[in-house]
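The values are calculated or read from the model by the stated rules, or taken from the named source; none is laboratory data. Not measured: the values here are computed from a predicted model. All Cβ positions, glycine included, derive from the backbone under ideal geometry; neighbour counts span all protein chains shown. For accessibility, only protein heavy atoms count, side chains too; no ligands or nucleic acids. Shrake-Rupley method; radii C 1.70, N 1.55, O 1.52, S 1.80 Å.
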Amino acid sequence: MSEIIKVGIAGTGCYTPERVVDNAFFEGILDTNDEWIQQRTGIAERRFVAEGQENSDMCLSAAKDALKSASVEPEDLDLIIVATISGDYQMPSTACLVQKELGATNAGAYDIQAACSGFVTALGLGEAYVASGRAQNVLVIGAEALSRFINLEDRGSAILFGDGAGAAVLQPHSVCGQAEILKTTVGADGEGWSHIWIPSGGSKRPATLNSVAEREHLIRVNGREVYRFAVHRMGEVIGEMMEGHDPDELGLIVPHQVNQRIIDAAVERHEIPAEKVMVNINKYGNTSAASVPIALHEAAEAGRLEDGKLVVLAAFGAGLTWAGALIRW
Ligand code: UT7
């Protein structure tokens, strides 16, 4: 068996759209209010893409940011993986659009779909390429334009989501000398497939005039079920990642930004103090696959990732899916 190469995160980047949508926007169209939204979710505002601005545009900005911080040129990339459930097109992949715009002519490119677990899942995939020696430079992006799939007639889900993109560049640890990925995990429980879904647009129910009239092309969420699953699963992932490590080694948890109450309940189980948890849901809402990489990048920018300390990424989402990563920063 060939040698397993240690993998590091050479750089991160993110992009969030300029258009800020506060809770008052929803007060005008739904039976809801700012107080309910803030108390039940922790969300004060989110960002929506502008007319004519696409998921791939956000990917490109986040990618350029990450490549710059990693000092990697686009033509040196071997692979681009985009995690998204809201790509520009059903086909081709958003990763191919990014590859073209970046001029990453030597890179393979494809999308993966694991909903809110997407970025952390893609990180593990990219890690495997570098660890096996099949790639030297991998660009992993998590990006969503969920505002295009929000049902503005459903107060239970419309208020939750936002748009954005985050990215990371992976390299052999011997090259970048930082942020070693110690372990990653993924899991799924397909029994819960219908708790978060978009009923039409796939091959089972192709879009029709009727399906659009019934709003079947938009996101549906069984909030209470997801809530229960999320608290349990996020707590489990954090526990699995920290197994065998002293709690003092922990620098920061970067959880999927789903709901302040879900994050609080999951970390409470492990008695992790609030200052060791990265939260920015108040600004961006739930950006699905983009939430962890945006939070990771903002944590890096804010100097919250201490050299030598452990960083835990923990995500879960539609599928139902979950994913985790442990990084020695
Ligand atoms: O990343 C994965 C995708 N994210 C999710 O799936 C979200 C996970 N779930 C959650 O974050 C929470 O379950 C929600 C924020 C969606 C809902 O919070 P909750 O505390 O679980 O509320 P609930 O669903 O138990 O509803 C409580 C009440 C209901 O009214 P009744 O039946 O008690 O009269 C809802 O109709 O709150 C009502 N409600 C609202 N009221 C005002 C639901 N949405 C709203 C709203 N504004 N936007």
message = If the requirement is being away from the ligand (no atom under 13 Å from the Cβ) and in contact with a strand residue (DSSP E or B) (Cβ under 8 Å, 6 or more places away or on another chain), which of these qualifies: G285, G251, G235, G239?
response = G251
inquiry  = Within the stretch 220-232, take every residue that is more than 23 Å from P293 (Cβ to Cβ) and within 12 Å of the ligand (Cβ to nearest atom) and give me the one that is least open to solvent (accessible area, probe 1.4 Å).
reply    = G223
message = Just to be sure before I move on: is A266 at pLDDT below 95 and either outside the structural domain of M241 (by TED's automatic domain parsing) or buried (at least 24 other Cβ atoms within 10 Å of the Cβ) (or both) in the structure I sent?
response = yes
note = Residue hits (the stretch 142-187; of a type in the set (A, V, I, L, M, F, W, C) and within 14 Å of the ligand (Cβ to nearest atom)) are L146, F149, I150, L152, A158, I159, L160, F161
ask   = Looking only at the stretch 91-117, which residues are within 16 Å of the ligand (Cβ to nearest atom) and not hydroxyl-bearing (S, T, Y)?
value = Q113, A114, A115, C116
task = Among residues belonging to the stretch 66-84 that are among the small types (G, A, S) and under 18 Å from the mean Cα position of the chain (by Cα), point out the one that is surrounded by the most Cβ atoms within 10 Å (Cβ to Cβ).
result = A83
request  = Could you please find all residues in the stretch 12-22 being surrounded by fewer than 20 Cβ atoms within 10 Å (Cβ to Cβ) and either outside any strand (DSSP E or B) or among the acidic types (D, E) (or both)?
outcome  = E18, D22
task = Go through (1) open to solvent by 10 Å² or more (accessible area, probe 1.4 Å); (2) touching a residue at least 40 places away in the same chain (Cβ under 8 Å); (3) not in a helix (DSSP H, G or I) one by one and return the number of the condition S61 breaks.
result = (3)
task = State yes or no: is A289 among the small types (G, A, S), touching a Ser or Thr at 6+ places or on another chain (Cβ under 7 Å) and in a helix (DSSP H, G or I)?
result = yes
ask   = Which residue, of Y129, Y110, is aromatic (F, W, Y) and closer than 18 Å to E180 by Cβ?
value = Y129
inquiry  = Checking the conditions here, which among P273, P293 is within 16 Å of the ligand (Cβ to nearest atom) and either open to solvent by 50 Å² or more (accessible area, probe 1.4 Å) or in contact with a strand residue (DSSP E or B) (Cβ under 6 Å, 6 or more places away or on another chain) (or both)?
reply    = P293
message = Any residue in the stretch 296-318 that is closer than 16 Å to C116 by Cα sitting within a Cβ distance under 8 Å of a residue that is of a type in the set (D, E, K, R) and open to solvent by 20 Å² or more (accessible area, probe 1.4 Å)? List the pairs, counting only those 6 or more apart or interchain.
response = F316/R233
